[in-house]
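Shown next, in C-alpha cells, is the structure this report addresses.
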Amino acid sequence: MSKQLKFKFKKTLKKAEFVHADLEYHQELLHEAKSLFKEEIKNLIDKLSPEDQEKIKLEETKRHLQNLEALESAAKKQDKLKQIEDRIHEPVNESGCTGLITTDLEPSGVDSEEITEKTKLVELKKLFRRIAEQTHPDKVKANGFSDKEVSRLERVFKKALQAYNDNNWYVLYSIAIDLDLKISAPTQEHINWIENDIRYTMGNIAQIGNLIAWIWYTGDLSKKEFALKDYFQQIYNFNYPDLQSHIQN
C-alpha cells in the first residue's frame, strides 16, 4: 500500500468516525425531541375550544385511514420487489448468521457498477461472518464468558448485524479492528465504500434535522412557532389561533 493511499484511508476513517458520532448525537436526542414535541401538541390541543378539538379528531381519523391505505399499497409493492432485493442482498438474522455463503461474482450480463456492489456484499459477508464467530450470543455463552462479557459482545453482535443489513462497511471494519481481527490492507475500493457510507450517514442526519419535532426541539422561539404552525397545518389542516402567545405562556 502506497503512503498516499495509507494516509487517504486514515483521513477517510476519521471523517467517517466524526459523521457517525454526529448521527449518534442526533439519534440519542431524537427520542426526547419527539416525546416533548408530542407533549406540547397535546397541551396545545387541550387549550382549544370543544368545536376545534372535534375538527382535530376528524382530521386524525381521516389521516389514519389514509395511512392504512398507503401501508396496504406499500406492502403490495414490497411483495413484488422482495425477490429482486433478495437476489442483491440477503439479510442475515441472528439464528442463521454462521451459515453465510459467498455470492458468485460471474460478470455475465451485468455492468461494472453492479459488479462493484456485489464485490462489496461479498466483503461484507466475509467480515460479518468473522465478527459473528466471536460475538454471536450462542457461541459466547458456550465459551463460558461472564454475564457482563456476554452482554457486551451481544451488543457488538447486534451492531454488526445492523451494519451488515445496512451495507455499512465502515462500521463492520471498525468493529473488526476493535476485536483485534486481522484485516487485509485497505484499497482504494475500501475508501470508496467508506465515502459511500459517509454520504449515507449524512443523509440520515439531514433527515433527522428536517423533522418538525427536531426543528422545534433545537430552535429558538420563532422556529418553535414555525414548527408548531406547520405541524397543525400539515397534520390537521388547522390554523392554530394566536400560537405565539400560547408558546410564550
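Read-outs throughout are calculated quantities, based only on the coordinates presented, and are distinct from any laboratory measurement. Being a predicted model, the structure only gives us computed values, none of them experimental. Please note: Cβ atoms are built from the backbone with ideal geometry, for glycine as well, and neighbour counts cover all protein chains shown.
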With label points built 7 Å along Cα→Cβ from the Cα atoms of LYS3 and LYS77, find their separation and express it in nm. 5.2 nm
Got a sec? How would LYS55, LYS224, LYS77 order by Cβ neighbour count within 10 Å, fewest to most? LYS77, LYS55, LYS224
Report the equivalent ellipsoid semi-axes for the range 150-219 in whole Å, largest first, defined as the square roots of five times the eigenvalues of the gyration tensor built from alpha carbon atoms. 28, 18, 9
What do the square roots of 5 times the Cα gyration tensor eigenvalues come to for the range 111-249, in whole Å, largest first, as semi-axes of the equivalent ellipsoid? 44, 22, 12
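Give me LEU68, LEU179 ranked fewest to most by other Cβ atoms within 10 Å of their Cβ, as a rough exposure proxy.
Going from least to most buried by this count: LEU68, LEU179.
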Tell me, how many Å apart are the Cα centres for the range 13-49 and for the range 194-249? 10 Å
Can you flag which of LYS10/LYS141; LYS6/LYS126; LYS38/LYS159 are past 26 Å Cα-Cα? LYS10/LYS141; LYS38/LYS159
Once Rh is set to the Kirkwood radius over Cα pairs, what Stokes-Einstein translational diffusion coefficient, in µm²/s, holds for the range 1-53 at a temperature of 25 °C and a viscosity of 0.890 mPa s? 166 µm²/s
Pairwise label distance in nanometres, GLU59 with LYS38, each label 7 Å out on the Cα-Cβ vector: 1.9 nm
